[in-house]
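Heads up, the thing below is written out as C-alpha cells.
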Amino acid sequence: MAIVTSKEMFEKAYKGNYAIGAFNVNNMEIIQGITEAAGELRAPLILQVSSGARKYANHGYLMKLVDAAIEETGLPICVHLDHGDTFELCKSCIDGGFSSVMIDGSHHSYEDNVALTRRVVEYAHDRGVVVEGELGRLAGIEDAVNVSAEDASYTDPAQVQDFVSRTGVDSLAIAIGTSHGAFKFKPGMKPQLRFDILEAIEGRLPGFPIVLHGASSVVPEFVEKINAYGGAMPDAIGIPEDMLRQAARMAVCKINIDSDLRLAMTASIREHFALHPDHFDPRQYLKPAREAIRDMVARKIVNVLGCEEKA
C-alpha cells in the first residue's frame with residue numbers, strides 16, 4: 001500500500017461519527033510507537049510533520065520511515081504538513097511526496113488568507129494532493145506557531161462558506177477553544193469547547209470535514225511523572241477527552257495530537273534516568289519511551305477518536 005490522501009478517510013469518518021488522529025512525528029521511535037498502536041487497533045492514520053520537525057529529522061529520512069511503517073503495518077497512512085505558512089514550504093512538501101498539506105494563512109488578513117490558500121490549493125490539486133486551510137487563530141506555542149491569548153480569535157461561522165468556496169480547500173481547521181502546547185489554560189480556568197460555533201459551522205458546511213488543532217488532553221499522569229523527576233509543569237491543563245470525543249461525533253474528522261506524545265515520551269525518559277542513572281545506551285531509555293508513545297496513541301484512538309477497526 002502506498003501513501004494515501006485523507007479524502008476517503010474523512011468521508012468515512014464523517015459518516016461514521018468518528019475522527020482520524022493526526023499525530024506529529026519527529027523521529028523513528030515516535031513513528032514506530034504511533035504506527036504500532038494504530039496497527040494493533042487497525043486504525044487509519046495521519047502522520048503529520050511540522051516545518052521544525054522536517055528540518056530536525058530531514059525530509060528524506062522521514063519519508064523513508066513512513067514507507068517502512070506502511071510496509072510493516074499495511075495501514076492507510078496519510079503524510080501531512082502541519083502549519084505550513086508559505087506557498088514555498090507547501091510546494092516543497094508536495095514535490096517531496098506529502099499527500100496532504102496545511103496552509104495556515106490565519107495570521108494574514110481574510111483576503112490575503114483566501115489568496116494564499118487558493119494558490120496552494122491550485123498547485124496541490126493539480127498533483128493529487130489535498131489541502132487543509134485555517135480560519136480563526138488558536139492561542140499557544142508549538143514549534144513555529146506562537147499566538148498570544150490577546151491575538152487568538154474564534155472562527156466566525158459567517159465566513160466559512162465563502163472561504164471554502166473561494167479557496168477550494170478539502171478540510172478546514174477552526175478555533176473553538178483548543179490551543180497549542182501543554183499550558184493551555186490559566187490556573188482555575190475551566191476548559192470549554194464552543195460547540196455552538198462547531199454546530200453553526202456544520203450547519204453552513206454540511207458533510208464538510210472540520211479539523212481541531214491543539215487538541216492534546218495533557219494527561220495528568222505524565223505531567224505528575226515529569227514533575228516527580230525534576231520537572232515544573234504544575235499548571236498544565238488540557239482539553240478533556242470526553243469533549244474531544246463529542247467533537248469527533250460531530251463534524252470534526254481530524255484531531256491533531258502532539259503535546260501528549262511529547263509528555264509521554266519525556267515522562268518515560270525522565271523516569272528511566274531517575275531509576276537507572278548509570279544507563280547510557282539510547283536503546284535502554286528509548287525503548288520504554290517508544291512504548292509510552294504506543295500506549296498513549298492507543299488510548300487516544302479508543303477514548304477520543306473512536307476510529308479503531310476503521311482502517
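The values are calculated or read from the model by the stated rules, or taken from the named source; none is laboratory data. Just so you know, these numbers come straight off a predicted model, no measurement behind them. Heads up, the Cβs are rebuilt from the backbone with ideal geometry, glycines too, and the neighbour counts pull from every protein chain shown. Areas reflect the complete protein model, heavy atoms only, side chains present, ligands, DNA and RNA absent. Shrake-Rupley method; radii C 1.70, N 1.55, O 1.52, S 1.80 Å.
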(request) Please calculate the 1.4 Å probe accessible area of residue 5, with all protein chains present, and give it to the nearest 10 Å². (result) 40
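Once the Cβ-Cβ distance between residue 68 and residue 295 is put in as r, and R0 is 25 Å, what FRET efficiency do you end up with, to the nearest 0.05? Walk me through the intermediate numbers first.
Values: r = 21 Å, r/R0 = 0.85.
Step by step, r from the Cβ atoms, then E = 0.75.
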(message) Please compute the Kirkwood hydrodynamic radius over segment 22-121, one decimal place, Å, based on all pairs of different Cα atoms.
(response) 14.1
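Around residue 309, under 13 Å between beta carbons, what's the net of Lys plus Arg minus Asp minus Glu among the other residues?
On the way: positive: 12, 42, 310; negative: 40, 308.
Every neighbour counted, the sum reads +1.
Quick one: with all protein chains in place, what share of the accessible area of segment 194-290 is carbon or sulfur, to the nearest percent (1.4 Å probe)?
Numbers: 2260 of 4230 Å².
Answer for segment 194-290 is 54 percent, counting heavy atoms of protein chains only.
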(request) Any of 15/64; 55/310; 64/287 with alpha carbons more than 28 Å apart? Name them for me. (result) 15/64; 55/310
(message) Principal axis extents for segment 266-311, Cα atoms only, whole Å, descending order, please.
(response) 43, 16, 10
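Once fully extended, how much extra length lies between residue 108 and residue 200, figured as 0.36 nm per residue of separation less the alpha-carbon to alpha-carbon distance? Mind showing how you got there, number by number?
On the way: separation 92, 0.36 × 92 = 33.12 nm, distance 2.36 nm.
Full extension from residue 108 to residue 200 adds 30.8 nm.
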(request) Give me the percent of the accessible area of segment 60-113 that comes from carbon and sulfur atoms, probe 1.4 Å, all protein chains in place. (result) 51
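Can you say what percent of the DSSP beta bridges in the chain, counting only those with both residues inside, are antiparallel? Round to 5.
On the way: 4 of 36 bridges.
Here the antiparallel bridges make up roughly 10 percent for the chain.
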(request) Express in Å², to the nearest 10, the accessible area of residue 127 obtained by rolling a 1.4 Å probe over the protein heavy atoms while all chains stay in place. (result) 120
(message) Starting from the Kirkwood Rh over alpha-carbon pairs, what translational D in µm² s⁻¹ does segment 185-311 have by Stokes-Einstein at 25 °C and 0.890 mPa s?
(response) 151
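Probe of 1.4 angstrom, ligands and nucleic acids ignored: what's the accessible area per residue over the chain, in square angstrom? Walk me through the numbers on the way to the answer.
Details: 13200 Å² over 311 residues.
I get 42 Å² per residue for this part.
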(request) From largest accessible area down, sort 14, 229, 56; use a 1.4 Å probe on the protein chains. (result) 56, 229, 14
(request) For residue 67, tell me the accessible area in Å² from a 1.4 Å probe, rounded to the nearest 10. (result) 70
(request) Please list the radius of gyration and Dmax for segment 1-78, considering alpha-carbon atoms only, with Å as the unit. (result) 12.4, 37
